[in-house]
Amino acid sequence: MSDTIDLAAYLRRIGYRDAPTADVPTLRALAAAHAAAIPFENLDPLRGVPVQLELDALQRKLLHEGRGGYCFEQNLLFAAALRAIGFTVHGLIARVLWNQPEDTITPQTHMLLRVEVNGETWLTDIGFGSMNLAGAVRLEPGVAQPTGLESFRLQEHGGEWRMQACVRGDWLTLYRFDTGPREFIDYVVANHYVSTFPTSNFVRHLIVARTASDRRLTLRDREFTVRRPDAEPERRTLRDGEEMCRVLEREFLLRLPDRAALRQRLDALPPV
């Protein structure tokens with residue numbers, strides 16, 4: 001089993017043609033290119049297929065099979081690419097608060113990355129689905145930091161940080177975390193929980209997202225949504241599994257696994 005990424009194959013997959021260097025502009029550009037090319041998706045948990053986090057499996061699935069993945073897959077692959085370029089990278093773990101009250105106690109089920117660049121600490125996260133960072137923010141509290149789409153900011157209290165995004169004028173919390181690095185086994189345990197627990201959203205619902213330079217695309221079960229900054233969301237309900245497969249291929253750029261069986265599984269999802 002290899003612990004080294006095929007960097008050339010990764011750069012081809014995300015369409016990055018410049019020579020990468022370990023600096024902030026490259027970090028931001030790589031994150032944006034990755035988020036546009038490799039969608040967030042949970043087709044494996046939805047189909048009852050195990051999610052493997054070893055680098056060989058990630059490269060096979062995300063680089064060579066035309067697939068995407070969710071936070072652990074996306075950020076572990078991204079971390080390997082960043083390290084190959086020369087960045088110092090640490091994985092962190094977070095408790096998701098998106099669409100939850102601020103005081104909710106949720107499990108640690110989300111991965112993000114801490115990156116050291118020229119003596120500064122930055123955070124990046126290309127695995128948060130519908131509110132993918134698709135860039136990088138400096139580890140600095142209380143400062144609105146623009147990205148290609150929404151602005152993001154960090155709030156800190158007593159060593160706990162909260163990642164927030166400005167969505168149509170409101171600051172909404174995505175998750176809370178501390179900056180202590182985590183071990184690979186922590187992600188293995190969290191990955192097993194979110195990909196197999198019967199009431200996990202990733203087991204019960206289709207959740208797909210892609211972040212382009214000017215818009216966010218999401219598909220939750222049968223509802224396909226396009227969101228652009230400062231505009232009303234465009235929503236469309238998809239009729240059946242066949243139409244959902246076409247949207248997955250055309251809008252999310254996915255090469256579908258076992259298309260006929262997947263179509264049947266999508267047909268079984270509840271109506272909106």
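If the segment from residue 246 to residue 60 were pulled out straight at 0.36 nm per residue, it would be longer than the present Cα-Cα gap by 64.7 nm. Applying 1/(1 + (r/R0)^6) with r as the Cβ-Cβ distance of residue 18 and residue 234 and R0 = 35 angstrom yields a FRET efficiency of 0.60. Looking at the stretch 204-272, the trypsin sites (Lys or Arg not before Pro) that sit in a DSSP loop and have at most 13 other Cβ atoms within 10 Å of their own Cβ are 239, 255.
Note on residue 261 and residue 192: the model spin-label points, each 7 Å out from Cα along the C-beta direction, lie 2.3 nm apart. Couplings 3J(HN,Hα) of the stretch 218-230, computed from phi: 9, 9, 10, 6, 9, 9, 9, 10, 10, 10, 10, x, 6 Hz, in residue order, whole Hz [Karplus 6.51 cos²θ - 1.76 cosθ + 1.60, θ = phi - 60°; x for Gly and Pro]. Comparing the stretch 1-56 with the 2.2 N^0.38 Å rule of thumb, its C-alpha radius of gyration ratio is 1.37 (two decimals).
Are there any trypsin sites (Lys or Arg not before Pro) in the stretch 1-52 that are in a DSSP loop and have at most 10 other Cβ atoms within 10 Å? List them by number. It would help to have the intermediate numbers written out before the result.
Values: sites: 12, 13, 17, 28, 47; in loops: 17.
Taking the stretch 1-52 and a limit of 10 other Cβ atoms within 10 Å, the loop trypsin sites (Lys or Arg not before Pro) found are 17.
With a ≥ b ≥ c the root eigenvalues of the C-alpha gyration tensor of the stretch 1-103, is it rounded (a/c under 1.5), prolate (a/b larger than b/c) or oblate? Judged from the Cα gyration tensor, the stretch 1-103 comes out oblate (a/c at least 1.5, b/c at or above a/b). One Cα centroid belongs to the stretch 208-272, the other to the stretch 83-104; the line between them spans 25 Å. Here the convex hull built on the C-alpha positions of the stretch 127-250 has a volume of 141 cubic angstrom per residue.
Coordinate-derived values only; no laboratory data. What you see is a predicted model; the values in this text were computed from it and never measured. Methodologically, a virtual Cβ is constructed for each residue, glycine included, from the backbone with ideal geometry; neighbour enumeration extends over all protein chains shown.
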